[in-house]
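The values are calculated or read from the model by the stated rules, or taken from the named source; none is laboratory data. These numbers come from a predicted model, not from an experiment. Don't worry about glycine lacking a Cβ; one is built from the backbone with ideal geometry, like all the others, and counts go over all protein chains shown.
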Amino acid sequence: MCPTRRGAEARRPEIEAEVGVDVKESVQRQFGAVAANYATSAVHVHGPDLAAMLGAVALRGDEAVLDAGTGTGHTALAFAPRAGHVVAVDLSEPMLEQGRRLAAERGIANVAFARGDVERLAFPDASFDLVTSRFAAHHVPRPRAAAAELARVLKPGGTVLLADVVSPGDPATDTFLNAIELLRDPSHVRDHSVLEWRGILNDAGFVVDEVGTWPLRLEFASWVTRMGTPEPSVAQIRSLLDAAPTEVRTALAVEADHSFSVPVVVLRGVRPQLAR
Amino acid sequence: MTTTGNDHTTAETIDPGLLAILVCPIDKQALRLAGATLTCTACGRVYPIEDGIPNMLVDEES
């Protein structure tokens, strides 16, 4: 076994040179092509989870806010009128361009956009009062590194609000959900469970509580169209949904037209005042 | 702010509040603005400003 594995290791760089694309590059390719779809996506513009995020933290109006994985900026723009200024960071330049356009359209002047990586943020320690991240965390290859960075850039006593689709938790549904997510979007990393997210945030030093959980109905046609999923992959997803075991059909509330529902959670983490 | 994709550039269009807090994502040291680039005063890495949006991404191998 050993020589074979070593052989595989030795060949890996060559394979990567031919076809290898890392997750962050994949995110940029994937979202570069469909950025405009996200500027108008009802799932992203509205949602009870976004309202809950706005209600989950009391702002005075002078806070420094970071929106990590801002996409087309919906969360940044929602928080901007309640804060001093917002920095909106994303890997994808076309997504940020859409965000900047939306900010201009709405006359919002206190949001600044920057390309950046949540695992290696370009901000000093203790820069922000609040960090938000919505529908982005499932793209992060190293969530523990990202959580540590969010803790680093938050002031002591600062808050992180994390909203994302989560795996319902049972292994069969977890595997199923992440499989169809990956078929839809090659840059998908993982819909973690609430328990996993709590652990990741706890380990980064946050005191965590759950703001709430809401079902998000994903209308099948718009879900795949928004991402520009190629038809063969769409057919594979339909086929998986048709053949899904009862437990999975129930957990995801799969409908006749392949629409389904996933839980969206909002977690709040507070960075303790005292250094640990 | 109301135009996109034109050639307005850099120091005039990068948000001053953002410019004031940005640091090198690798070593978190101060940056020096020159034209359309931000250069780390410690390690010398260069970050371009593209249409007013600073690109603070780094190559994974660096």
Pairs where the first residue, in segment A:175-196, is under 19 Å from A:A221 (Cα atoms) and the second is part of a helix (DSSP H, G or I) and among the acidic types (D, E), C-beta under 7 Å, 6+ apart: A:H188/A:E181
Of all residues making up segment A:97-115, the number that are on the phi < 0 side of the Ramachandran plot and either more than 8 Å from chain B (Cβ to nearest Cβ) or of a type outside the set (A, V, I, L, M, F, W, C) (or both): 12
Extreme residue, surrounded by the fewest Cβ atoms within 10 Å (Cβ to Cβ), among residues of segment B:52-62 that are within 7 Å of chain A (Cβ to nearest Cβ) and in a loop (DSSP other than H, G, I, E, B): B:E60
Segment A:238-276: number of residues that are farther than 25 Å from A:A39 by Cα and either assigned to a strand (DSSP E or B) or not acidic (D, E) (or both): 25
Close pairs (6 angstrom Cβ cut-off, 6 or more residues apart or separate chains): closer than 17 Å to A:V254 by Cβ in segment A:220-232, assigned to a loop (DSSP other than H, G, I, E, B) and of a type in the set (G, A, S) anywhere: A:F220/A:S259
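Here's the yes/no breakdown for (1) over 18 Å from B:P54 (Cα atoms); (2) of a type in the set (D, E, K, R); (3) surrounded by fewer than 19 Cβ atoms within 10 Å (Cβ to Cβ); (4) at pLDDT 95 or above:
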position	(1), (2), (3), (4)
A:A83	yes, no, no, yes
A:D90	no, yes, no, yes
A:R100	no, yes, no, yes
A:R106	yes, yes, yes, yes
A:A109	no, no, yes, yes
A:R142	yes, yes, yes, yes
A:L162	yes, no, no, yes
Any chance A:A78 is within 17 Å of A:E196 (Cβ to Cβ), out of contact with any Pro (no Cβ under 7 Å at 6 or more places or on another chain), more than 9 Å from every other protein chain (Cβ to nearest Cβ) and of a type outside the set (K, R): no
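Report whether or not A:A151 is within 14 Å of the chain's Cα centre (by Cα), closer than 16 Å to A:L201 by Cβ and touching a residue at least 24 places away in the same chain (Cβ under 8 Å).
no
To keep it simple, each residue is scored yes or no on (1) more than 18 Å from A:L162 (Cβ to Cβ); (2) in contact with a helix residue (DSSP H, G or I) (Cβ under 9 Å, 6 or more places away or on another chain).
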residue	(1), (2)
A:A56	no, no
A:A78	no, yes
A:H85	yes, yes
A:G107	yes, no
A:D117	no, yes
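Of everything in segment A:33-44, what is under 21 Å from A:E93 (Cβ atoms) and out of contact with any strand residue (DSSP E or B) (no Cβ under 9 Å at 6 or more places or on another chain)? Give them in sequence order.
Those that are under 21 Å from A:E93 (Cβ atoms) and out of contact with any strand residue (DSSP E or B) (no Cβ under 9 Å at 6 or more places or on another chain): A:A33, A:V34, A:A35, A:A36, A:N37, A:Y38, A:A39, A:T40, A:S41.
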Single condition A:V87 does not satisfy, out of (1) more than 10 Å from chain B (Cβ to nearest Cβ); (2) within 23 Å of B:Q29 (Cα to Cα): (1)
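Conditions (1) assigned to a loop (DSSP other than H, G, I, E, B); (2) under 18 Å from B:E50 (Cα atoms); (3) at pLDDT 95 or above, marked per residue:
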site	(1), (2), (3)
A:L50	no, no, yes
A:L59	yes, no, yes
A:D62	yes, no, yes
A:E97	no, yes, yes
Within segment B:15-51, tally of residues that are facing chain A (nearest Cβ under 8 Å) and either modelled with pLDDT under 95 or farther than 20 Å from A:R152 by Cβ (or both): 4
Selection status of A:A126, within 13 Å of chain B (Cβ to nearest Cβ) and more than 13 Å from the chain's Cα centre (by Cα): yes
Candidates A:L77, A:L54, filtered to the one that is surrounded by fewer than 17 Cβ atoms within 10 Å (Cβ to Cβ) and in a helix (DSSP H, G or I): A:L54
